[in-house]
1. For region A:5-20, does any single residue satisfy the condition of being over 26 Å from residue A:266 (Cα atoms), among the small types (Gly, Ala, Ser), more than 9 Å from chain B (Cβ to nearest Cβ) and over 26 Å from the mean Cα position of the chain (by Cα)?
2. Considering (1) within 17 Å of the chain's Cα centre (by Cα); (2) more than 8 Å from chain A (Cβ to nearest Cβ); (3) closer than 28 Å to residue A:279 by Cα, say which one residue B:65 fails and leave the rest.
3. Just one of A:199, A:225 is under 24 Å from the mean Cα position of the chain (by Cα) and over 15 Å from residue A:531 (Cβ atoms); which is it?
4. Picking from A:306, A:327, which residue would you name as being buried (at least 23 other Cβ atoms within 10 Å of the Cβ) and among the β-branched types (Val, Ile, Thr)?
5. Going through region A:60-88 one residue at a time, which ones are polar (S, T, N, Q) and under 34 Å from the mean Cα position of the chain (by Cα)?
6. For region A:212-271: of the residues being within 14 Å of chain B (Cβ to nearest Cβ) and aliphatic (A, V, I, L, M), which is surrounded by the fewest Cβ atoms within 10 Å (Cβ to Cβ)?
7. Name the residues in region B:91-107 that are more than 7 Å from chain A (Cβ to nearest Cβ) and aliphatic (A, V, I, L, M), would you?
8. What is the number of the single condition among (1) within 27 Å of residue A:504 (Cα to Cα); (2) more than 7 Å from chain A (Cβ to nearest Cβ) that residue B:115 does not meet?
Amino acid sequence: MTADQAPRYFGARVSRRQDDRLLRGAGRYVADINPAGVLAAKFVRSHQAHASVTSIDIDAAGASEGVRTVFVGGDFADHEIRCVSSYAAFQESAQPILAVDRVRHVGEALAMVVAEDEYLAEDASELVVADLEPLPAAVDIDAALDVGCAPLHPGWRHNAFVRRQVKTYGFDDASSSAPHRVSIELHNGRHSGIPMENRACVAEHDPGTGQFRLHTTTQIPHLVRAGLSWALGVPESLIQVIAPDVGGGFGVKAQLYREEVACCLAARQLGRPVKWVEDRREHFVAAHHSREHRHKVTGYFDDEGTILALEADIAVDMGAYSVFPWTATMDGGMAMGILPGPYRIREYSVASTSVCTNKTPYGAYRGVARPAACFSIERLMDQIARHLGVDRVEIRNRNLLTGGDYPWRSPSGLVYDSGSLIESLEAVVDLADLEGLLKCQADARAAGRLVGVGLAVFTEQTAHTTQEFKQRGVPIVFGYETAKVRLDASGTAVVSASIHDHGQGLETTLAQIAADRLGLALEQVRVTYGDTEQVAYGAGTFASRSAVLAGGAVTKAADAVADTLREVAAHILEAAPEDMVVESGRVSVAGSPSRFIETSELCRLIYQRPERLPEGVEPHLEASRTYDAHPGTGAYTNAAHLASVEIDPLTGKTRVLSYAVVEDCGPMINPTIVEGQIFGGVAQGIGTALFEEFLYDEAGQPLSTTFADYLVPVMSDIPDFRVAHLQTPSPHTIGGLKGMGEGGAIAPGAVIASAVEDALSHLGAVIVDRLPLTPERVLGYIDAANSSGASA
Amino acid sequence: MAEISLTVNGERTAAQVDPRTLLSDFLRDGLNLTGTHVGCEHGYCGACTVLVDGASARSCLMLAIQADARSVETVESLSVNGAGLHPIQQAFKDCHGLQCGFCTPGLLMSVVELAATNPDCGRDEIREHLSGNVCRCTGYHHIVDAVERALNGVPGRADDS
């Protein structure tokens, strides 16, 4: 069951299989799909954050040119999206497909116009008149939790989806006897993944068979099918979900959305395909938001800076509804788990509140809570270092886990399998030339400039499966992924997988694995994904799981097919199956390379000459396997980031001068793809650190609804990166693989905050405690540092 | 409806269009040239960039009738199926200058313009010139590698195989 030769493709920097079609403009995205007779949908959305729906006048819209139908909430009242956590005292919310009697955020859909084309649908949508009676809006964590704030959903006692609290037995003793403590409160701005492709879907319904087919921009086709099955009340066998080329996901496309349900219902009712393509303004208010955390953290430590106990109070602004399939507990729970980070912390007390507000619902974004957790623990480490007058690298070295600590059971119950934390920090100090950067900083300061250096270290749970998700209280436990490998009569392979590739390069990396296991050339392997008809079940691409879990499933399935090749070849060559070697396009007898059969000829015989098969062997070269990386607690990637910044003292604008990463994700299938994932993640993290925020006014009106208000990093905002790798294999996974898709995005907020604080440190004491570091906020920190310095 | 006559990717084309039809929609829906992508419809992201008489333009901010009697080039002009990739496309492939591929067609057209107007750029200038094309996947580093390679023949990272 092992590959018969040293891998030819695993570890190689091969170029990507999908690039030719994407570079030629021949990709096939959902907006490119136009079935015959397709109608266009346009949603009319609430302009109020919280209101009673008094009436909706659709008469003029319905009479508008080219309009087929205008749907309102009552038309779809038998359907809704619920995602209920199994945590005790979780308060449920039901998302209507279209609002019925209440709207709970700006952007919530009130009506759906379906017309002959998009222009006519948009014309008619402007004629829909919704009479909304405003209600007081709860637009931040404190306002929503205030006892005077009416609950936002019927039957609720207060505006928390759930509150949870965990404390280790020794926490009280350790914290009360600690000689030092530092407390800080940290804020992370609301923002999200912002893929360049907006959401879109095309729903078709066959009245003859009752079957639905939905092309949609999703990372999780099987989970969308599961959610649709519940929302539509239709068995999964009658629903096919296809995610073709998808233009970026980053988590925001890893949910079931109401628009997908609405298009399916409309297609069934109208007997014609219904297509919806989101525009960017809709995306800003109706696609799920992320990242808005507030953490109050206290570190208790001794004279050497060794942390004795950690205390945290976490609140996450989850917006108006619990989203499928994550529930409204995801970020709060993840932050509770990972906040102690890479440090040898044994005593921990944490409370977490998932708050319901009148904002767009909150879903996944690359890193899920880990950027906020990293920001908190790393900001705390910097404050401890400052409190004791210890260097920032040194304080980390005194607390980081070392090789002998693994497997490490964190105080929140996570089991870290392996890592190279101190080594990665040491390596990034060299890679970034910290000494040189500090010299430049000294020169810059002498010249009156504000230059700073920042760093962060983190450990990242990846490829966690059954054991982890069953503890998270989610309705579907994302335990495994599935792959099917088929060799055809030509001797070429098709690999189908339950994951999706929307930029991660899995179309290539899974082919690398399969080609090695089957002894084929890379060009002889085709990888398909995104169609629920291809493999039985799976979860999809999120949580840095796909290379590990789909890679493992491909390995298992390919090995099963290779076993059949060995068995038949042994029969034909009159040798023992265990002596058969599958490599380089042939199956040969070990030690007698002249005794072989070409793999392509063997495949042809198996399918077309069944009389040549040994007794009991089916004429079949296909295997489907699932892989759940036992024990399911995750493979832990780690990394250290180090950056330098310069602040313009007049405008407060922060510029990233240099950025270095040392990452350890175990053995790499394709280092170029790994580096691309790291760079992309870091750039998004720089957006988190400096630019991106959904702002709201007091009435719950969003203020960031165009790219002029919501800034994403452009090419001139981002420096060249330096990257180096360590490779510590996971003891748990096939091939020792660890996931790494999210890691780049986790640390930059912490790193850049550390650098900005360092840039101001000679002016006076200030704690950089809020992201993003917009020019306005940085000017505030400069003023605060100057005042603190003047009064010191 | 208005009659327009224009050249698209070297071919003369005549069509009846509604005066309000965006150039991006005309290319995608009218001519089935779906390589041009629409990312924001407010002229910021650059995904819909095409060349109009050789100069880059946001096809989401232009009406199809404004392209009357003009020459439009889209990503589909760079290479045809079966033929090899254009050198700029090849550089993007060699340097891993794309991930999801959605911003790529617009970016390629901006690079075509850059190669024609300012082929001696260094990395910082490349970053300035292409700051009107947003990419959310790559973090830009590999794109700059690709553009540098395409413009200057600087060897970026070659594949092992």
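The values are calculated or read from the model by the stated rules, or taken from the named source; none is laboratory data. Treat the numbers as computed from the prediction; the structure is a model and nothing was measured. Positions of Cβ are backbone-derived with ideal geometry, glycine not excepted, and every protein chain shown enters the neighbour counts.
1. yes
2. (1)
3. Working: A:225 fails: over 15 Å from residue A:531 (Cβ atoms).
Criteria check complete, one pass: A:199.
4. On the way: A:306 fails: buried (at least 23 other Cβ atoms within 10 Å of the Cβ).
Residue meeting the stated conditions: A:327.
5. Keep residues of region A:60-88 that are polar (S, T, N, Q), which gives A:64, A:69, A:85-86.
Passing the criteria: A:85, A:86.
6. Among them, the one singled out is A:252.
7. So the first thing to find is which residues in region B:91-107 are more than 7 Å from chain A (Cβ to nearest Cβ), and the list is B:91, B:95, B:97, B:106-107.
Answer for region B:91-107, where residues must be more than 7 Å from chain A (Cβ to nearest Cβ) and aliphatic (A, V, I, L, M): B:91, B:107.
8. Unmet condition: (1).
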